[in-house]
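The structure appears right after this line, and notes come after that.
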Amino acid sequence: GFPLVLHNVPVGEVDGEEYPDINYNQLETFVMKALIAHPGALRGAHMKFLRKGMGLSLRDVGEEIGVSHALVKTWEDKDQERTGMDPGLEKRFKNLVLCQVMAQEQKKLSSLLMAQEIDDSSYDDPFDPTKVEFKYG
C-alpha cells in the first residue's frame, strides 16, 4: 500500500474499544478520484490500488491500455517508486479508472433515483444542495 493520512475521523466504540467509523467503500472511491486528479506521476502502489479498486486483472488493464500484462506488473512492482510509464499511457490508464468510477457512481445514483418517491407537493420548494445526503457504500 501507500501512506494515507485521514483527518477528523469519526470514532465508534464497541465493547469499550474505539475504532475508526469509516465507510471504506466511500474512502476507496475518494482515494481513486484523488489519484486520478493528482498531476504527479503514479507510483507502483498507486497503480496496483487503482487496478484492484476496479476489480481488473493485470491482463485486463494491459488489454485496455494496449500493453502486455507483464509490463503492467513491472510498473506495479515499483511500489513506492514512479512507474516510469509513458505520460500518454498514464493518461489512458487514469481515463480507464475514471470511466470505472463514473460507472459506479452512475449505478449508485440510478439506484437512489429508482427508489425515490417523487413528492409533487414540494414542487415550489427551492432546491438546497446542502440538505441532500448521499448514503451509500
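For region 8-26, state whether one or more residues are within 21 Å of E76 (Cα to Cα) and among the hydrophobic types (A, V, I, L, M, F, W, C). Taking every residue of region 8-26 in turn, none turns out to be within 21 Å of E76 (Cα to Cα) and among the hydrophobic types (A, V, I, L, M, F, W, C).
Reported count of residues in region 74-99, each being under 13 Å from L50 (Cβ atoms), surrounded by 14 or more Cβ atoms within 10 Å (Cβ to Cβ) and either touching a Cys at 6+ places or on another chain (Cβ under 7 Å) or not basic (K, R) (or both), is 9.
Within region 51-97, how many residues are β-branched (V, I, T) and under 11 Å from A41 (Cβ atoms)?
Just the residues of region 51-97 that are β-branched (V, I, T), to begin with: 61, 65, 67, 72, 74, 83, 97.
In the following step, the residues that additionally are under 11 Å from A41 (Cβ atoms) were identified as 83.
Total meeting the criteria: 1.
Results for (1) within 19 Å of the chain's Cα centre (by Cα); (2) assigned to a helix (DSSP H, G or I); (3) more than 29 Å from P3 (Cα to Cα); (4) not small (G, A, S), shown as yes or no for each residue.
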| site | (1), (2), (3), (4) |
| --- | --- |
| D60 | yes, yes, no, yes |
| E64 | yes, yes, no, yes |
| L71 | no, yes, no, yes |
| V97 | yes, yes, no, yes |
| E105 | yes, yes, no, yes |
| S111 | yes, yes, yes, no |
| E117 | no, no, yes, yes |
| T130 | no, yes, yes, yes |
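Can you pull out every residue in region 10-55 that is hydrophobic (A, V, I, L, M, F, W, C), surrounded by 15 or more Cβ atoms within 10 Å (Cβ to Cβ) and part of a helix (DSSP H, G or I)? L27, V31, M32, L35, I36, A45, M47, F49, L50, M54 - these are the residues of region 10-55 that are hydrophobic (A, V, I, L, M, F, W, C), surrounded by 15 or more Cβ atoms within 10 Å (Cβ to Cβ) and part of a helix (DSSP H, G or I).
The lone criterion from (1) part of a helix (DSSP H, G or I); (2) modelled with pLDDT of 95 or more left unmet by M85 is number (1).
Is it fair to say D79 is part of a loop (DSSP other than H, G, I, E, B), modelled with pLDDT of 95 or more and of a type in the set (D, E, K, R)? When the stated conditions are applied, D79 passes them.
Filtering region 56-67 to residues that are open to solvent by less than 60 Å² (accessible area, probe 1.4 Å) and farther than 16 Å from C99 by Cβ leaves S57, L58, G62, V67.
Pairs meeting the criteria (first residue in region 110-137 and within 30 Å of E28 (Cα to Cα) and modelled with pLDDT of 65 or more, second residue among the hydroxyl-bearing types (S, T, Y) and surrounded by 10 or more Cβ atoms within 10 Å (Cβ to Cβ), beta carbons under 8 Å, at least 6 apart or on different chains) are S111/Y136; L112/Y136. Pairs under 8 Å by beta carbon, first residue under 20 Å from T74 (Cα atoms) and in contact (Cβ under 8 Å) with a residue 40 or more places away in the chain in region 31-48, partner in a loop (DSSP other than H, G, I, E, B) and of a type in the set (S, T, Y), six or more apart or different chains? Qualifying pairs under 8 Å: A41/T83; L42/T83; R43/T83; M47/T83.
The values are calculated or read from the model by the stated rules, or taken from the named source; none is laboratory data. In this text, all values refer to a predicted model and were calculated from it rather than measured experimentally. Here the Cβ is made from the backbone with ideal geometry for all residues, glycine too, and neighbour counts use every protein chain on show. The protein model used for the area step is the full one, side chains on, heavy atoms only, and it has no ligands, DNA or RNA in it. Shrake-Rupley method; radii C 1.70, N 1.55, O 1.52, S 1.80 Å.
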